[in-house]
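Below: the structure, in structure tokens.
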Amino acid sequence: MNKPVPQGLRDWAALPGPARVLDAVRRRAQRGGRLDRGSLSVTLSSDERRQVGRLLGTAWEVSRRPVTLYALASGLAGHGYTVRPFVETLDGEPLVDRRETRDAEHLAAQQESTRVLEILDAAGVPPEVTERWLADRSIPKPGSGRAAGLAERVAAVWARLPWEGPSLRLAQLAATVTHDAHALDYDTELGRAVARLIAVKTGIARPARPGREWRAVWSAAGVRCDTVSSRVLTLNLPLDITAGTRPGAPVWLTLRDLLQPWHFEPLPTRIYVCENPTVVEAAADELGERCAPLICTDGVPALAALDLIAGAADAGIEVWVRADIDTAGFVIVDTVRTAAPEAEPWRFDIGTYIGYFGAGEGDSLAEVHRSTGRDLHEESVLRELMADLAEGAADPPPQVGKWSTNNPM
């Protein structure tokens, strides 16, 4: 064990000039260079050279010679050190040859890639398909062991695909293979990995989010996604499939309802999207038929909500979205914008937040929220939301917000 570095030597090492010299030593060691001879590539100012000269001596300081490892070792010898032990003791960790590390990492990545190819080849996946799957940014990079572990779990599912027997649902497949009915949901690594392997194998678009593409990929493998538990709450949404519903009454739609052909009738100018059913209830009670078309995600949007919102965006309808201004709310709004990238904020902005709390700093809503640490729930601005929904039924509806310039949140 190396002896502790004396405080005086530590103080010297912390000076700008010596710090530059020692950084050059570290870089040389990381490249695999020797630390017992040669010169260091380091440029020093007059003051920095004077600082280094406190250890290397006046003769070196005035000589204009470069910093040599011999001169540095000679200076350290008086304190009982050579160059490598001194730097390692100072840093509290060994100097590592990065070339050796990179070579080892490269070898580990190659070996794991080969292992992944073997695992999926045994499951019937062609090597070229596996290679394209491995290149997907969502798949762990080979080298850590995670890619092979994931491949083994994917192979267990793949052994059941494509399904050609009686109707098989995704949750049923997950429960059969993993004993967890939710193991293949979109929010799981395994679910996304299998779906993306199906996409590569079949040539179907890679599913970037839950929704139509997700269902299409699993359908290509003979598996059906659950369409009943996924639902969305609506109010005064002019859909042909809800034409018989009493105006002003909240309506729950399931994903199953939205799998049949549907369209807006008539086409509204704008649709509002909120997070909490309380907003829908209040709008139904206070505005009834006079409320603008409203969609409620009831928390993080389910597939039904995303399909409905995507359909509105595809039809050219303005989508105005909000949620509680809290950590979950930012996730909800982000998720909605995957279905409607051009969605505008509905009182989900800095002005609304600061207007309520009277405080906050930052260039984006997320920064302002972090600066105060206080959440603003939709129920706290219910009066303003009701006013917007009443006015939003007019044509054209009013402008009520804009994303922050630097950051949409």
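None of the figures in this text is laboratory data; all of them are computed from the coordinates on show. Since this is a predicted model, take the numbers as computed values, not measurements. Note that each Cβ is placed from the backbone with ideal geometry, even for glycine, and that neighbours are counted across all protein chains shown.
A few points about this structure:
- Ranking 77, 19, 296 by how far each Cα lies toward the positive end of the dipole of the chain (charges on Cβ) leaves 77 at the top.
- Remark: the chain carries a charge dipole of roughly 2640 debye about the Cα centre, counting +1 on each Lys and Arg Cβ and -1 on each Asp and Glu Cβ.
- Acute angle (nearest 10 degrees) that the helix 277-286 long axis makes with the longest principal axis of the chain, alpha-carbon atoms: 40 degrees
- Net charge contributed by nearby residues that have their C-beta within less than 14 Å of residue 262 (K/R +1, D/E -1): -3
- Among the GluC sites (Glu not before Pro) in region 120-164, those located in a DSSP loop and surrounded by at most 11 other Cβ atoms within 10 Å of their own Cβ are 164.
- Nearest-ten-degree value, helix 46-56 long axis tilted from longest Cα axis of the chain: 60 degrees
- Cα centre as origin, Lys/Arg/Asp/Glu Cβ charges: region 344-385 dipole, Debye: 140 debye
- Cβ-based exposure ranking for 204, 271, in which fewest neighbours within 10 Å come first: 204, 271
- Along the axis of the charge dipole computed for region 99-224 (Cβ charges of +1 for Lys and Arg, -1 for Asp and Glu, origin at the Cα centre), the listed residues 195, 143, 114 are led at the positive end by 195.
- Long-range amide H partners of residue 230 with built H, under 5 Å: 255
- Viscosity 0.890 mPa s, 25 °C: Kirkwood-radius Stokes-Einstein D of region 113-178 over Cα pairs, µm²/s: 194 µm²/s
- Across the alpha-carbon atoms of the chain, the computed radius of gyration and Dmax are 31.5, 98 angstrom.
- With only Cα atoms counted, region 1-141 has Rg and Dmax values of 22.8, 73 Å.
- Between the residues 133, 323, 273, the greatest Cα displacement towards the positive end of the dipole of the chain, with unit charges on the Cβ of Lys, Arg, Asp and Glu, is found for 133.
- Remark: region 231-392 carries a charge dipole of roughly 260 debye about the Cα centre, counting +1 on each Lys and Arg Cβ and -1 on each Asp and Glu Cβ.
- Highest-MSF residue in the chain out of 48, 275, 265 [GNM, Cα springs under 10 Å]: 48
- Over region 99-224, the reciprocal of the mean inverse Cα-Cα separation, the Kirkwood hydrodynamic radius, stands at 14.9 Å.
- For the chain, calculated [θ]222 nm from helices alone, where every DSSP H run of n ≥ 4 adds -39500 (n - 2.57): -15000 deg cm²/dmol
- Expected-Rg normalisation [2.2 N^0.38 Å, Cα atoms] applied to region 251-409: 1.01
- Radius 12 Å from Cβ of residue 231, net charge of other residues (Lys, Arg +1; Asp, Glu -1): -3
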